[in-house]
Amino acid sequence: MPEKLSKLRNNKLKILLCGAPLAGNMGAQAMSVTLIDEIKEILGADRVIVTQLAKYPSDEKGQCRIEGWKMIPFTSKVQLIKGVPFSIFYGLLRLFDLPRGWLLNSTFSAYVNNDVLIDISGISFSDNRPLSALLINVLWLIPALATGLPWIKACQAVGPFKNPLVRLASRLFLARTRVLILRGDESAKFVRELLPGKKFYQLPDIAFNLKPAPDREIRKALDNAGMKKGASFCAVGPSWVLEEKMEEKVIRKEMRFLQGRFFYFSSSLFGAGYLKHKKAISGAEKSPYSQMMAKAIDKLIKISDCDTLLIPHSRAVRQSPLDDLEICRKIKKMSSNPDRIKILEGKFSSRILKGIIGKSEVAFGSRFHFVVASISQNIPTLAVSWSHKYKEMMKMLEQERFALGYDKLNEHFLLSGIDRLWRERKKISKEIESKLTEIKKLSKDNARIIADFVNTHKKKPITVNDVVKRGLCVGCGSCVSSCPVDAISMFENKLGELVASIDFRKCNFCGICVDVCPGNEVDFEKLTDDIFDKDCKTSAFGAYRHLFLSRARDKRFLIERSSGGTITDLIRWEMKNKSIDGCVVVLPGNNPFYPKARIVRSEKELLNSATSCYCPVSLCEILKELIKEKNGNYAFVGLPCHIHGLRKMFEYFPSLKKRITLVLGLFCGNTKNFEATRYLLESRGIDLKKVKSLDYRGGSGLGDLLISLEDGSKKSIDRRSGSLFDLLRAEATFGFHNFFTPRRCLLCCDETAELADISFGDAWLPEVIKNHPEGSTIVIVRTRRGEKAFNSMIASNLQELEDINEEAVRRSQKTALRYKNKINAYVKACRILGLHPPKYSSNPYKNVNPERGTLTAILELSYNSVCKRSPFKYFLLPLEAIFLVKRTLLRKLDL
């Protein structure tokens with residue numbers, strides 16, 4: 001098991017909220033904040049990340065900051081103009097499994113990066129709401145449908161579904177809702193009729209469990225309203241929705257020849273802006289709703305001898321002028337006792353409003369969550385309603401007699417209800433109290449059910465299988481050694497690349513495999529800060545302390561080894577001095593085409609490993625043995641990607657960091673896949689079944705590919721072949737072009753092993769090759785540990801040394817450094833082509849101009865991605881000559 005737990009990010013639960021703005025309607029805010037508070041209580045506050053799709057971003061920003069939520073502006077305009085085209089294109093690309101990441105922006109990436117969408121609209125998919133409200137609700141869900149994000153509808157009142165458009169939308173979206181929570185029997189009846197067999201839950205509103213604000217905040221708000229401390233008062237919550245609906249009722253009655261249809265549609269479309277026109281057309285001088293509310297308040301003041309506090313539960317936001325405050329002012333003006341009526345003028349949170357309502361003697365109103373706030377605190381309450389949701393909720397508490405529907409409402413019924421409410425207030429309070437505990441317990445089930453769903457259906461963290469699908473696996477084997485349940489193995493894919501594969505029967509989705517994967521992400525800035533001292537020099541090829549040109553003094557030994565034989569001498573000396581007990585290296589395997597990683601513990605084993613392998617090797621796979629070891633110090637020799645994976649593994653396995661005391665890096669000019677060697681041999685007429693062994697750097701100096709056959713004969717392929725086509729075939733193994741190169745190698749920005757203690761590479765300098773054809777090694781000593789080891793070997797007099805400067809190193813590795821300098825261009829090209837680039841966190845190459853070299857990068861990545869996957873790929877290989885010429889020309893032009 002790893003000694004460090006997986007990063008917490010893999011355990012995070014990401015929730016996307018819509019349908020309940022945090023500004024304007026405080027009932028919507030009450031549902032949102034209560035639901036998230038309850039979910040955090042169940043799952044743990046640190047695990048839950050909440051993002052609000054803000055319909056009113058300028059107004060919701062402050063509350064999101066208070067709650068600690070992220071916010072993404074998602075106005076109705078964005079929903080319609082951007083959301084619909086995005087959903088169409090993204091859905092089509094997803095259907096055909098085509099690259100679609102390029103479509104995502106800061107808004108719509110939320111639909112891809114979160115685990116679930118929770119729609120908390122108070123009432124939706126109903127004939128009682130205008131068609132504009134139906135459209136807005138549908139537009140929240142269309143991107144979720146396109147991206148495959150599951151959604152939940154929480155605490156919903158739905159139906160009836162008589163309108164054909166409402167029925168159609170409900171069949172499409174309610175049927176696909178993963179968790180559907182309804183308030184009461186009428187909503188349940190509508191759903192059963194429309195969607196037989198659809199599973200749903202019937203639960204009380206989540207806002208029953210909203211926690212009121214502290215008393216000091218409540219007292220401050222009451223003082224602002226002019227309420228005396230200790231004075232009794234009654235709370236009233238008017239609603240502009242009822243104002244509008246009762247005006248429409250008058251218009252429909254007066255305009256019988258149109259049956260009210262034109263005016264109902266106009267009101268639905270234009271909202272409050274059309275109310276003035278409706279009054280002029282209908283001839284209605286005063287609203288019947290405001291008149292009745294004023295008379296009811298006068299009645300209540302008379303029988304209770306208490307002041308009345310008017311509480312606007314929905315306030316205007318910048319995008320909507322509709323405001324309960326205007327109705328409150330109108331009611332006060334119409335009242336016979338205006339001095340006994342106070343209005344809560346300021347804008348307050350749902351928690352403060354609930355605390356204020358909880359201090360009243362009785363309450364009546366038309367805002368649903370005004371009623372929830374009062375009755376959940378055992379306050380006798382009368383609801384003047386416009387939807388079945390009021391009656392459903394009051395019925396749970398056996399208070400349905402105090403739910404008065406606006407369609408049958410008249411002055412007599414309202415005044416009788418007020419009189420009965422005050423007279424029976426003590427009896428009503430006891431009735432509510434007897435049911436309230438059970439209701440609040442059931443209300444908590446909203447959060448429990450949703451939390452269970454999110455926890456169970458949470459998007460699994462990405463694994464190395466996802467890294468492989470994105471073309472980012474380097475085949476290093478870090479994931480194999482790090483997996484705590486041994487669920488990962490390496491295999492050769494159809495392209496001849498060495499990649500990882502997970503057995504999901506064993507995988508526990510801990511996410512460690514991706515955390516240690518160097519193909520997916522490398523944070524160079526963090527790693528360099530951990531490895532190097534501040535006194536190191538910086539350069540284009542990384543931090544360093546010293547630069548040398550080195551070669552073995554023993555000429556016979558020099559001829560038998562790659563380049564200058566410096567690495568072999570260094571490890572031999574470290575083992576001889578007992579500074580290390582062994583070294584992780586590459587040895588020939590049973591199959592000559594598949595070398596294996598081994599831990600050598602003797603000089604004889606070391607000398608057998610002193611060769612280069614131009615094919616993939618899962619070097620870090622062997623580290624599982626060292627993780628289990630409790631004693632001993634070891635060296636590690638690997639390519640830059642191997643070292644990236646090793647350094648990331650150190651974070652999880654401190655014991656491995658103690659075991660591996662010396663990290664030696666090899667310069668890399670891009671690894672070739674297994675197919676490269678096989679193709680090269682077959683093109684020379686060599687039977688692969690008869691190959692006994694391969695030496696990629698046989699002979700002296702730069703070396704040739706030496707092939708030993710079963711019959712004892714030997715063949716060689718000279719990297720300096722004569723004809724152009726022969727050169728290309730040889731370069732398929734030795735060169736830097738793209739046909740046999742994994743895509744991830746083209747996106748590598750470290751080809752000089754910048755994270756090693758010491759880096760080694762061929763001295764590709766004409767003057768060096770001329771003077772020392774048997775080979776020389778460029779040595780970059782980077783750390784104090786590397787300096788100590790190298791100085792010890794120098795004292796042994798095994799190597800000849802020359803000083804070398806930065807400019808010579810840059811010239812020697814100009815091709816490798818070109819890739820590094822253009823890494824931003826390659827990352828940009830990936831995004832243009834819809835490919836996944838690796839993440840270079842805290843990008844150390846941020847000063848490189850991404851515009852320069854982009855065209856070359858697009859050409860190389862396109863050639864790499866398309867040609868080698870073609871069934872006619874070997875017929876296309878000669879086109880490499882044309883490609884090389886074009887690429888060279890583009891590089892000369894720096895495009």
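The values are calculated or read from the model by the stated rules, or taken from the named source; none is laboratory data. All figures in this text were calculated on a predicted structure; none of them were measured in a lab. FYI the Cβ positions are ideal-geometry reconstructions off the backbone, even for glycines, and counts take in every protein chain you see. Calculation scope for accessible area: heavy atoms of the full protein, side chains included, ligands and nucleic acids excluded. Shrake-Rupley method; radii C 1.70, N 1.55, O 1.52, S 1.80 Å.
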**OP:** Could you grab the pairs with beta carbons closer than 6 Å, sequence gap of 6+ or different chains, first residue in the range 69-84 and in contact (Cβ under 8 Å) with a residue 24 or more places away in the chain, second one assigned to a helix (DSSP H, G or I) and surrounded by 14 or more Cβ atoms within 10 Å (Cβ to Cβ)?
**Re:** 72/110; 73/57; 76/136; 79/139; 83/139; 83/143
Original post:
Just for the range 74-92: of the residues that are touching a Phe, Trp or Tyr at 6+ places or on another chain (Cβ under 9 Å) and open to solvent by less than 70 Å² (accessible area, probe 1.4 Å), which one is nearest to residue 144 (Cα to Cα)?
Top reply: 87
Subject >> Filter pass, residue 68 being among the small types (Gly, Ala, Ser), farther than 28 Å from residue 469 by Cβ and modelled with pLDDT of 90 or more >> reply: yes
**OP:** Mind listing whichever residues of the range 671-693 are under 45 Å from the mean Cα position of the chain (by Cα) and open to solvent by 20 Å² or more (accessible area, probe 1.4 Å)?
**Re:** 671, 675, 678, 679
Original post:
In the range 110-139, how many are in a loop (DSSP other than H, G, I, E, B), in contact with a helix residue (DSSP H, G or I) (Cβ under 9 Å, 6 or more places away or on another chain) and polar (S, T, N, Q)?
Top reply: 4
Original post:
Out of the range 794-836, which residues are surrounded by fewer than 20 Cβ atoms within 10 Å (Cβ to Cβ), in contact with a strand residue (DSSP E or B) (Cβ under 9 Å, 6 or more places away or on another chain) and more than 20 Å from residue 533 (Cβ to Cβ)?
Top reply: 794, 798, 800, 801, 802, 803, 805, 808
**OP:** Just give me the residues in the range 164-190 being under 15 Å from residue 121 (Cα atoms) and assigned to a loop (DSSP other than H, G, I, E, B), in sequence order.
**Re:** 177, 183
**OP:** Looking for whichever is within 31 Å of the chain's Cα centre (by Cα) and either open to solvent by 40 Å² or more (accessible area, probe 1.4 Å) or acidic (Asp, Glu) (or both) here; the options are 621, 625. Which one fits?
**Re:** 621
**OP:** Scan the range 93-122 residue by residue and report those that are without any contact (Cβ under 8 Å) to a residue 12 or more places away in the chain and open to solvent by less than 40 Å² (accessible area, probe 1.4 Å).
**Re:** 93, 109
Subject >> Matching residues, the range 40-64, being outside any strand (DSSP E or B) and within 23 Å of residue 451 (Cβ to Cβ) >> reply: 40, 41, 42, 43, 44, 45, 46, 47, 63, 64
Subject >> Of residues in the range 736-770 being in a helix (DSSP H, G or I) and not acidic (Asp, Glu), the one surrounded by the most Cβ atoms within 10 Å (Cβ to Cβ) >> reply: 744
Original post:
Could we say that residue 311 is surrounded by fewer than 24 Cβ atoms within 10 Å (Cβ to Cβ), in contact (Cβ under 8 Å) with a residue 40 or more places away in the chain and in contact with a strand residue (DSSP E or B) (Cβ under 6 Å, 6 or more places away or on another chain) here?
Top reply: no
Original post:
Counting just the residues of the range 345-364 that are over 19 Å from residue 62 (Cβ atoms) and out of contact with any helix residue (DSSP H, G or I) (no Cβ under 6 Å at 6 or more places or on another chain), which one comes out most open to solvent (accessible area, probe 1.4 Å)?
Top reply: 359
Subject >> helices (runs of 4 or more DSSP H) enclosed by the range 558-630 - at least 2 residues per element that are closer than 17 Å to residue 792 by Cα and at pLDDT below 90 >> reply: 566-576
Original post:
Quick check: is even one residue across the range 375-393 surrounded by fewer than 16 Cβ atoms within 10 Å (Cβ to Cβ) and modelled with pLDDT under 90?
Top reply: no
Original post:
From 713, 708, 723, which residue is loosely packed, with under 13 Cβ neighbours inside 10 Å, more than 22 Å from residue 776 (Cα to Cα) and modelled with pLDDT of 80 or more?
Top reply: 713
Original post:
Restricting to helices (runs of 4 or more DSSP H) lying wholly in the range 419-516: which have 1 or more residues that are of a type in the set (Phe, Trp, Tyr)?
Top reply: 425-457
**OP:** Determine which single condition residue 194 fails, assuming it passes every other condition in (1) open to solvent by 50 Å² or more (accessible area, probe 1.4 Å); (2) closer than 30 Å to residue 164 by Cα.
**Re:** (1)
Original post:
Pick from 427, 408: which is open to solvent by 20 Å² or more (accessible area, probe 1.4 Å), at pLDDT below 90 and of a type in the set (Lys, Arg)?
Top reply: 408
Original post:
Restricting the search to the range 771-788, which residues are in a loop (DSSP other than H, G, I, E, B) and open to solvent by 30 Å² or more (accessible area, probe 1.4 Å)?
Top reply: 772, 773, 774
Original post:
Which numbered condition trips up residue 662, out of (1) buried (at least 19 other Cβ atoms within 10 Å of the Cβ); (2) part of a helix (DSSP H, G or I)?
Top reply: (2)
Subject >> Filter result for the condition that a residue is in contact (Cβ under 8 Å) with a residue 60 or more places away in the chain, under 24 Å from residue 461 (Cβ atoms) and of a type in the set (A, V, I, L, M, F, W, C), over 532, 524, 548 >> reply: 524
Original post:
Within the range 225-243, restricting attention to residues that are more than 15 Å from residue 297 (Cβ to Cβ) and under 44 Å from the mean Cα position of the chain (by Cα), which residue is least open to solvent (accessible area, probe 1.4 Å)?
Top reply: 241
